[in-house]
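Okay, so here's the structure we're looking at.
The values are calculated or read from the model by the stated rules, or taken from the named source; none is laboratory data. A quick note: this is a predicted structure, and the numbers were derived from the prediction, not measured. Every residue, glycine among them, receives a Cβ derived from its backbone with ideal geometry; neighbour counts consider all protein chains shown.
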Amino acid sequence: MGPDKSPGPDGVTPRFLQQNWNVIGLDLVTKIRKIFHTGQIPQDWLKCNVVLIPKGPEPETPKEYRPISLGNVTYRLIMKIWAARLRPHMKYLISREQAAFLEGRNISDNVLLVKEVINSFNQKIFKQQGFMLKADIAKAFDKLEWNFIIQACRHVNIPEHLITMLTSAYSNTKIKILINGSGDGFIKPTRGLRQGCPMSPYIFILAMEMLSRIFHISMQNKVFQGLKLAATAPYLNHIMYADDLIVLGTADIGEIQRLKQIFKCFGGAGGLEVNPTKSKLWFTKACQEGTKEMVKTELQAQLANKDEKYLGAFVMSKGGAKRTANMLIDRMWEKFAGWKCAMLSHAGRLVLIKSVLTSLPVYYMSTERLPRGELNKMSSLIAKFFWGKIDRTRYLTFISWKSVCKPIEEGGLGVRELSQFGDALFLKNAWEMMRQGDKLWVQVCQAKYYPKIGFWRAKNTNGASSLWREVVKVRHRLQEDVTWELNNGGCVQALSQPWFANWEVQNDYNPRESVKKVSELLHPVTGLWNMEELQRLFGMEKATIIQAQIKPPDPTNDAQDSLIWHKSRTDKYSVKEGYRQLSLLEQQRIPTPRNIGVQWAVINGWKFIVPKVKLFLWRMLSGALPIANNLHRRITTISPLCQRCGQENEYEEHCFFFCPGSRRVWFQGQLGLRTHDQFLDIIQAFTQTTSLLDEDGIKLFSYTLWELWKGRNEVVMQHKRFDPTKITRAVNNWMRGDVLERQQSQDHQQLLKIPGYEVSKEDWQLVVDASWQQSGEAGMAYLLYELGNVSEWSFNYCAAHDPFHAEALAMLSGLKTIVHRVHENQGKKVDVFSDCQNLVLAVTEMNAEDIPSWKARPVVQELINLYKSCAKIIRVRYVKRDAVKPAHILANHARRAKQAKAGNATSCNLVLEMGIGLEIDKNFFEIT
Ligand SMILES: [Zn+2]
């Protein structure tokens with residue numbers, strides 16, 4: 001559970017339980033166990049707040065509010081546990097006509113099925129007079145009768161003690177409606193499901209399952225049999241997605257009467273009514289007008305028009321794809337209008353592209369192949385948005401959208417390429433057909449398009465649905481990578497399904513043999529391959545290969561044969577992996593102007609660089625920045641000359657490193673880099689340099705590039721003067737922000753954890769630390785924080801006898817400096833932090849005797865004297881090591897480099913970062 005989810009009436013949040021789990025965890029677990037045994041949930045746990053969230057800006061009636069119910073966390077816990085345990089069993093309890101909330105079933109399964117139905121309805125060869133009704137069930141979730149729910153649970157054999165628990169949960173629930181944060185008295189609901197309860201979706205489909213069972217029985221007893229879309233297809237009389245109900249039947253008065261009876265019977269028991277005015281009807285082509293009228297009047301439903309949607313998707317057979325695409329394009333424009341595009345950075349836009357724009361079409365593309373032209377329109381719209389040109393004008397980019405869509409490790413940004421993603425989604429449909437699962441739409445398609453000759457040999461037929469037409473187009477992409485793995489050999493058709501390497505679609509066999517199973521190719525006595533038969537069917541060569549490579553199946557084995565996709569580790573086709581494979585193939589076709597894949601993958605992994613700067617680095621490295629030289633290549637009338645110095649063409653290397661102003665920035669910056677003259681290209685320059693830097697060095701380097709770019713743009717766009725000092729200052733600000741952030745998080749995480757202690761903004765903090773080596777060399781350092789920022793720092797090196805000695809020296813040097821400053825600033829107090837516990841004890845208890853180092857005794861004595869003289873303004877505190885890390889870095893550096901330095905706020909960051917700079921020497925850059 002998310003720790004910050006809203007609490008219920010008892011006010012307990014998930015975070016409270018999580019953080020205090022060691023105290024209350026065991027009790028809670030025991031209590032919940034008991035509840036599961038007895039089925040009695042304490043009444044207090046069942047109380048529930050309902051808050052009203054306005055749907056629009058100025059709501060006036062209750063209908064304009066959306067009620068959100070907030071149950072107690074403990075109650076949600078119980079139901080979550082139950083839901084998690086029930087989940088794996090649900091698919092055995094619920095008929096396959098229901099697709100909602102179940103593992104392995106998908107909303108698109110229903111859309112595909114309904115489209116196949118409508119496709120058949122429109123065929124002249126479909127001779128039956130049939131109808132399809134899309135029924136609207138009004139407020140199904142809120143109207144379910146509890147008694148009915150309980151009956152439904154009994155019907156699917158939910159254990160009695162759990163049913164008791166459910167009854168107690170429903171009959172004892174009390175709701176308080178909160179208005180402006182407070183409410184008065186509780187309401188007792190009498191029906192409907194608890195909103196926000198993890199079990200509610202399951203309970204709902206269990207209740208709807210009762211309707212399914214009525215339909216099944218009606219089908220078996222031929223009371224309401226439904227329709228068959230092809231000779232070998234299963235009968236269909238209903239399809240469900242949660243409360244979305246589709247009914248199929250013969251347009252016949254008796255059948256309609258019996259359907260009405262079914263609705264009445266279910267409505268009476270469950271409390272759910274079909275809302276006729278919102279229900280829609282489709283008829284088969286063979287249906288006569290009079291019959292249609294009869295059905296319409298009897299069911300009081302409207303005829304579906306061409307725009308009718310099912311589960312949000314257009315389901316008419318002609319032109320649906322184009323309409324879907326146009327609807328998506330309109331939605332994208334709506335999104336753009338809602339976002340302040342001009343205010344977003346490239347990184348912000350990228351997030352929106354990945355999370356919103358490229359996800360919009362996914363649902364629709366899984367049931368419909370959108371026309372290529374429309375997909376291109378969408379892609380170019382997204383591209384425009386990315387490059388910040390969201391109007392209808394032309395614009396200039398330096399890299400193709402296809403390159404942007406490449407995976408990160410190929411140098412792209414990993415944006416979904418829509419047409420390829422559409423292919424990957426459709427391959428999923430092809431895969432489902434290949435593996436012949438028990439999905440209804442797969443069985444219907446099989447009966448309609450390949451009842452005998454098998455999936456691989458079947459061709460496009462006149463009047464086939466768009467699903468089948470597109471699957472025929474894409475299926476070859478999977479052919480090489482799928483094989484059936486034999487277990488009992490009982491479901492694989494020997495001639496029409498791949499089950500050995502180099503299997504090919506054969507067209508020249510006797511159709512009567514197409515149903516022959518692999519298990520029939522075995523010798524009846526030995527159980528080994530029947531070579532004669534193999535040779536007859538596949539020829540000598542292949543028969544030998546089969547005999548050598550394929551283990552004969554065991555027909556007595558219970559395990560079914562399974563289809564394997566070799567490209568995935570899970571053996572099953574997945575859209576994600578399928579898309580990856582497709583884009584890898586595509587890679588070879590996209591020319592790559594610059595190969596930045598390796599480098600970009602590294603940059604992308606830098607958590608310490610802000611996204612907008614990362615994305616700038618990507619643009620710089622991939623040649624997407626509008627610098628003069630790049631512009632000139634596209635539009636020759638633009639001068640390629642650098643506008644800052646006018647001496648050379650502005651290519652990336654010049655812009656960022658060699659233009660005299662840029663050189664100065666590097667030279668005077670914290671890295672103190674001097675740019676070489678002989679040098680390769682921007683990518684190599686970047687790679688080599690950053691490979692020598694540590695985290696902080698990389699930050700300096702990256703932020704300097706970013707600020708250089710901003711400075712350069714001010715010259716070009718606003719005709720300002722190029723000011724290297726301003727850039728250096730801006731980079732320092734970046735770094736200071738970083739140091740501050742780090743320090744704050746440390747302050748908060750480490751310092752604040754000392755019981756009874758809080759960092760006060762008014763007071764000062766002194767952090768001291770030492771670094772010591774066996775050789776007796778030591779470094780020591782302190783940092784003074786005022787108002788949360790470093791105001792003074794110092795590091796020095798010296799000799800020390802042992803680590804304790806070094807720590808004592810460090811604290812002394814810090815205290816000495818501070819004491820007089822504190823005296824000058826009346827009223828200030830200083831907290832001194834050290835990670836040496838013995839030292840803190842010795843000073844605060846004013847005892848120099850029991851210390852681990854006799855050499856340090858005089859130093860500790862001096863510390864004690866100082867402490868005594870100003871005990872009112874100095875507090876010495878022990879903190880964990882992480883809290884003194886900045887001082888530790890400085891002390892380490894002082895020891896290793898044998899250096900001493902001191903300074904104030906402005907130079908602080910420089911010092912903190914310098915551990916890095918000194919370790920780089922010759923290479924592409926020189927350190928001065
Ligand atoms: Zn220049």
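Report, ordered by the first and then the second residue, all pairs with beta carbons closer than 6 Å, sequence separation of six or more or different chains, a first member in the stretch 625-647 that is of a type in the set (Gly, Ala, Ser) and modelled with pLDDT of 90 or more, and a second member that is part of a loop (DSSP other than H, G, I, E, B) and within 9 Å of the ligand (Cβ to nearest atom).
From residues that are of a type in the set (Gly, Ala, Ser) and modelled with pLDDT of 90 or more, the pairs are ALA628/GLU650.
Restricting attention to the stretch 765-785, does a residue exist that is modelled with pLDDT of 60 or more and farther than 21 Å from ASN892 by Cβ?
No, every residue in the stretch 765-785 fails to be modelled with pLDDT of 60 or more and farther than 21 Å from ASN892 by Cβ.
Given the criteria more than 26 Å from the chain's Cα centre (by Cα) and under 22 Å from ARG435 (Cβ atoms), does GLN560 qualify?
Numbers: more than 26 Å from the chain's Cα centre (by Cα): yes; under 22 Å from ARG435 (Cβ atoms): yes.
Yes: the conditions hold for GLN560.
Looking only at the stretch 603-618, count every residue that is surrounded by fewer than 17 Cβ atoms within 10 Å (Cβ to Cβ) and under 26 Å from PHE421 (Cα atoms) and tell me the total.
Total satisfying the criteria: 2.
Conditions (1) among the acidic types (Asp, Glu); (2) in contact with a helix residue (DSSP H, G or I) (Cβ under 9 Å, 6 or more places away or on another chain); (3) over 28 Å from GLU116 (Cβ atoms), marked per residue:
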residue	(1), (2), (3)
ARG477	no, yes, no
ASN487	no, no, yes
PRO498	no, yes, no
ALA501	no, yes, yes
GLU513	yes, yes, yes
LEU521	no, yes, yes
THR526	no, no, yes
ALA548	no, no, yes
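Can you find a residue in the stretch 339-347 that is aromatic (Phe, Trp, Tyr) and not in a loop (DSSP other than H, G, I, E, B)?
No, the stretch 339-347 contains no residue that is aromatic (Phe, Trp, Tyr) and not in a loop (DSSP other than H, G, I, E, B).
Of LEU700, LEU692, LEU708, which residue is over 17 Å from MET620 (Cβ atoms) and of a type outside the set (Ser, Thr, Tyr)?
Values: LEU700 fails: over 17 Å from MET620 (Cβ atoms); LEU708 fails: over 17 Å from MET620 (Cβ atoms).
Selected residue: LEU692, the only one of LEU700, LEU692, LEU708 that is over 17 Å from MET620 (Cβ atoms) and of a type outside the set (Ser, Thr, Tyr).
Residues being among the hydroxyl-bearing types (Ser, Thr, Tyr), over 17 Å from GLY8 (Cβ atoms) and surrounded by 15 or more Cβ atoms within 10 Å (Cβ to Cβ): count how many of those fall in the stretch 184-202. First the steps, then the outcome.
So the first thing to find is which residues in the stretch 184-202 are among the hydroxyl-bearing types (Ser, Thr, Tyr), and the list is 190, 200, 202.
Add one more test, that the residue is over 17 Å from GLY8 (Cβ atoms), and what stays is 190, 202.
Remaining after also requiring surrounded by 15 or more Cβ atoms within 10 Å (Cβ to Cβ): 202.
Going through the stretch 184-202 one residue at a time, the tally reaches 1.
Determine which single condition ILE546 fails, assuming it passes every other condition in (1) surrounded by fewer than 14 Cβ atoms within 10 Å (Cβ to Cβ); (2) at pLDDT 85 or above; (3) more than 15 Å from GLY490 (Cα to Cα).
Evaluating ILE546 over (1) surrounded by fewer than 14 Cβ atoms within 10 Å (Cβ to Cβ); (2) at pLDDT 85 or above; (3) more than 15 Å from GLY490 (Cα to Cα) leaves (1) as the failure.
Scan the stretch 691-703 and give yes if some residue there is assigned to a loop (DSSP other than H, G, I, E, B), crowded, with 22+ Cβ neighbours inside 10 Å and touching a Lys or Arg at 6+ places or on another chain (Cβ under 9 Å), otherwise no. It would help to see each step written out before you state the result.
As a first pass, look at the stretch 691-703 and keep what is assigned to a loop (DSSP other than H, G, I, E, B): 693-694.
Next cut, crowded, with 22+ Cβ neighbours inside 10 Å only: none.
No, every residue in the stretch 691-703 fails to be assigned to a loop (DSSP other than H, G, I, E, B), crowded, with 22+ Cβ neighbours inside 10 Å and touching a Lys or Arg at 6+ places or on another chain (Cβ under 9 Å).
Being of a type outside the set (Ser, Thr, Tyr) and near the ligand (Cβ under 10 Å from one of its atoms) is the filter here; which residues of the stretch 658-672 pass it? Reasoning before the result, please.
Here is the first cut: in the stretch 658-672, the ones of a type outside the set (Ser, Thr, Tyr) are 658-661, 663-672.
Hits for the stretch 658-672 are PHE658, CYS659, PRO660, GLY661, ARG663.
How many residues are away from the ligand (no atom under 12 Å from the Cβ) and touching a Lys or Arg at 6+ places or on another chain (Cβ under 9 Å) if we restrict to the stretch 619-641?
Count: 4.
Could you grab me the full set of residues in the stretch 471-522 that are buried (at least 17 other Cβ atoms within 10 Å of the Cβ) and of a type in the set (Ser, Thr, Tyr)?
THR483, SER496, SER514, SER519
Can you pull out the residues in the stretch 642-654 that are buried (at least 23 other Cβ atoms within 10 Å of the Cβ) and more than 7 Å from the ligand (Cβ to nearest atom)?
The answer is none; no residue qualifies.
Could you look through the stretch 140-183, keep only residues that are closer than 20 Å to PHE36 by Cα, hydroxyl-bearing (Ser, Thr, Tyr) and surrounded by fewer than 16 Cβ atoms within 10 Å (Cβ to Cβ), and pick out the one that is modelled with the lowest pLDDT?
SER171
Name the residues in the stretch 597-650 that are of a type in the set (Gly, Ala, Ser) and closer than 17 Å to TYR395 by Cα, would you?
GLY623, ALA624, ALA628 - these are the residues of the stretch 597-650 that are of a type in the set (Gly, Ala, Ser) and closer than 17 Å to TYR395 by Cα.
Can you confirm whether PRO198 is touching a helix residue (DSSP H, G or I) at 6+ places or on another chain (Cβ under 9 Å) and without any contact (Cβ under 8 Å) to a residue 60 or more places away in the chain?
No; evaluated as a whole, the condition is false for this residue.
Looking at SER95, SER120, which is the one that is hydroxyl-bearing (Ser, Thr, Tyr), at pLDDT 90 or above and crowded, with 19+ Cβ neighbours inside 10 Å?
Within the list SER95, SER120, the selection yields SER120.
Could you grab the pairs with beta carbons closer than 7 Å, sequence gap of 6+ or different chains, first residue in the stretch 35-64 and in contact (Cβ under 8 Å) with a residue 12 or more places away in the chain, second one among the polar types (S, T, N, Q) and part of a helix (DSSP H, G or I)?
So the pair list comes out as GLY39/THR164; GLY39/SER168; GLN40/SER168; ILE41/SER168; TRP45/THR74.
When you look at LYS439, is it surrounded by fewer than 19 Cβ atoms within 10 Å (Cβ to Cβ), out of contact with any strand residue (DSSP E or B) (no Cβ under 9 Å at 6 or more places or on another chain), within 30 Å of SER465 (Cβ to Cβ) and of a type in the set (D, E, K, R), yes or no?
no
Residue-wise test of (1) out of contact with any helix residue (DSSP H, G or I) (no Cβ under 8 Å at 6 or more places or on another chain); (2) within 30 Å of GLN302 (Cβ to Cβ); (3) of a type in the set (Ser, Thr, Tyr).
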{"residue": "SER120", "(1), (2), (3)": "no, yes, yes"}
{"residue": "LYS139", "(1), (2), (3)": "yes, yes, no"}
{"residue": "LEU144", "(1), (2), (3)": "no, yes, no"}
{"residue": "PHE148", "(1), (2), (3)": "no, yes, no"}
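Conditions (1) assigned to a helix (DSSP H, G or I); (2) within 17 Å of GLU145 (Cα to Cα); (3) in contact (Cβ under 8 Å) with a residue 40 or more places away in the chain, marked per residue:
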{"site": "GLY268", "(1), (2), (3)": "yes, yes, no"}
{"site": "LEU281", "(1), (2), (3)": "no, no, yes"}
{"site": "MET294", "(1), (2), (3)": "yes, no, yes"}
{"site": "THR297", "(1), (2), (3)": "yes, no, no"}
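Can you tell which of LYS868, LYS828, LYS872, LYS880 is at pLDDT 80 or above and more than 30 Å from PHE686 (Cβ to Cβ)?
After ruling out the rest, the residue left standing is LYS868.
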